[in-house]
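This report concerns only the one structure given below.
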Amino acid sequence: MPYWTPADEICHHTEAGAIAKSLFPERDRENRFFIESPRKIFAHLLKYHPSPKDLCDWIARPDPEIDRCVAGTPLEAIIAKNAPQQRSGVLAVLERVSSAFSLLPARRNAKWSATVGAERRTGWVFVTTKPQTREILRPLISLWLDFLLLRLTVQTEPDLKPVWVILDELASLETQFYRLAEGQHPQTGEQLVRHRSPSEYQNGQGQKVSAAGHRAGWDATFRAPKSLSITALVGGDEGVREAHRESVHVALNELERNIQARIGGNHPAKTPARWLPPSLSVIAPGR
């Protein structure tokens, strides 16, 4: 595995907080203070551009490592030594990611980041886990997917290379993309679109009417006729393939202008500015 550090994903200082949110997701019945405080401290630590090993060492020895990093900042009071229970609780949450970072390689010449990968759009990236490390690595995998999709979806330059992102067991990753598919704010988890479960009811005429449930998105499939496919693939006619790609691009642009989202209740349907760009295809196979 190539060398990776979360600090390499930061293009703007505010993104340190987004990294911390991915690594420390909210949990039911957990005091928000003991989630938000570790997030703030971890985001602050990224300013020092630590390696995964540095982070593990700092978390293992908060005195003096983390104490020195937060000295003179408002974060110092969060882990003050004169509040031992509060300090222990915050540092215990920080330790959750230490086991994941301990599995990452030390500094080496081969490096990788989701940010650079999305910019170059070359090669293959396979993110796999073994059963014994899957739970430990889940926060890191969620982080990588969050930033890869974030970087890809904000690129608007013409003629970008297509990128295929294949996600399995998406619901278990707690990613921002999954929240978005569930009609939630990708960062806060706030429910933006009201869910409606599939149901049946009788209308005024006594007829049974089926109401559709929540729909995360639309799948637009464009298939070329077999004769065209043979000409393009077997005959090697690149012009035919390019014509097909261009026609799909035109069709998707037309769809984008007319796509609408129902918000629910008495709210009118909204026409978003744009959807996921055609250059990005996301496949989420079910089990």
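Every number in this text was worked out from the coordinates using simple rules, so none of it is lab data. Here the structure is a predicted model, which means the values were calculated and not measured. Heads up, the Cβs are rebuilt from the backbone with ideal geometry, glycines too, and the neighbour counts pull from every protein chain shown.
For a quick check: sort THR129, THR115, THR221 by the number of other beta carbons within 10 angstrom, fewest at the front. List each step's numbers first, then the result.
Details: THR129 14, THR115 17, THR221 4.
Arranged by neighbour count, lowest to highest, THR129, THR115, THR221 become THR221, THR129, THR115.
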A chain fully extended from THR14 to THR271 at 0.36 nm per residue, minus the present Cα-Cα distance, gains in nm 89.6 nm
With a 24 Å threshold on alpha-carbon distance, the violating pairs from LYS47/LYS161; LYS161/LYS270; LYS47/LYS111; LYS130/LYS161 are LYS47/LYS161; LYS161/LYS270; LYS130/LYS161
Of all trypsin sites (Lys or Arg not before Pro) in the stretch 106-152, the ones in DSSP coil with at most 12 other Cβ atoms within 10 Å are ARG107, ARG108
For the pair GLU119 and ASN253, the simple spin-label estimate (label points 7 Å beyond Cα toward Cβ) gives in nm 2.8
Here, TRP112 and GLN85, labelled 7 Å along Cα→Cβ, have an inter-label distance in nm of 4.5
If ILE259, ILE10, ILE59 are placed from fewest to most neighbouring beta carbons inside 10 Å, the sequence is ILE259, ILE10, ILE59
